[in-house]
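Have a look at the structure below before the remarks.
The values are calculated or read from the model by the stated rules, or taken from the named source; none is laboratory data. These numbers were taken from a predicted model, which means no experiment stands behind them. Positions of Cβ are generated from backbone atoms using ideal geometry, with glycine treated the same way; all protein chains shown enter the neighbour counts. The protein model used for the area step is the full one, side chains on, heavy atoms only, and it has no ligands, DNA or RNA in it. Shrake-Rupley method; radii C 1.70, N 1.55, O 1.52, S 1.80 Å.
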Amino acid sequence: MVGCTTRRELAAVRLSGALAAERVERPEQVLELDLVDRRGDPLAAARRVGLQRAIAVPMCLAGEIVGVLVIHMSAPRTLERSEIRVLQTLANQAVIAIENAAAYEQTKQLATTDAMTGVANHRELETYLERELQRARKTKEPLALIMCDVDHFKQINDTVGHPAGDAVLRHLTRQILVPAVRPKDLVARYGGDEFVLVLRGADSRAALAVAERVRRTVAGQAVLLDGKAVSNLSLSLGIAVFPRDGDSREALVQAADQALYVAKRTGRNRVVRSEAAAGDTQLAS
């Protein structure tokens, strides 16, 4: 049996492994086959790296085949029964490990994701922001925080119902907020109809451009709820930038929240930048 160390060997293992795996049909089946193509000729890619035979062992869960463990051999020989039992044990252990890993990822996803919208939850926001602030201090880069919420959201819940309000928030996150940022940035639900965008390496000008784009997109779109268009949606947004507006997670969030408050107080459907260092705020729209 051999392990692959080069790209050529890895490609050969993948090809021959796929051929072996597709022939396994029953959970109790252990398949031993020479590496030949469908015409019976030696599989060139496998032979070039010294592989001549493959053993395919089903990986089963609750009586169903969920995968196949494929072992390659450079010198064909018939496996002893004890060797087959070892391979079956390895296949079973692999299934358990995969199942545990999937369960862990699901638990992790539930712990860090807002169930309704699918974006990061408040807990994940705090963890991410703390980590990114540490990185920003080391790299001397800015970090922008945009806090936003839906204007008059209570009226939506009161007039068309909470399920419709939930649909508005899902539309906002999936169709507008998430597409507005880069993969390295974060969109999180802060609470209720309030959301936070964390922009790595973004200064005040870059954050303003993102916030204005989001605001205009929301104002220019109609959301369909049960076939009816809700076209009077708008967002208010507040911006704070590290290190100018705050050098800690708490200070930065407070600065963005204060800027959002000013946006609400001065007419809504606007972006306000926090200018804590200069002692005032600037209306951006």
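Results, tabulated for the structure shown:
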quantity	calculated
Distant-in-sequence amide H partners of S234 (H built 1.01 Å from N, under 5 Å)	D151
Spacing of the two label points (7 Å from each Cα toward its C-beta) at T127 and A75, in nm	5.0 nm
Using alpha-carbon coordinates, inclination of helix 81-112 to the longest axis of the chain, degrees	0 degrees
Folded to 0 to 90 degrees: helix 162-171 orientation relative to the chain principal axis, Cα	70 degrees
Contour minus Cα-Cα distance for E250 and A101 (0.36 nm per residue)	50.2 nm
Accessible-area composition of the chain, carbon plus sulfur, in percent [1.4 Å probe]	51 percent
Cα long-axis angle, helix 7-21 against the chain (0 to 90 degrees, to the nearest 10)	70 degrees
Residue-normalised accessible area of region 85-225, expressed per residue, 1.4 Å probe, Å²	53 Å²
Cβ charges +1 (Lys, Arg) and -1 (Asp, Glu), total dipole of the chain, debye	880 debye
Vicinal HN-Hα couplings computed from phi for region 194-203 (Karplus, 6.51 cos²θ - 1.76 cosθ + 1.60; Hz; Gly/Pro x)	9, 10, 10, 10, 10, 10, 5, x, 9, 8
Within a Gaussian network of the chain (alpha carbon springs, distance under 10 Å), most fluctuating of V187, V70, V150	V70
Candidates D257, D158, D149, ranked by Gaussian network fluctuation over the chain, Cα under 10 Å, top entry	D158
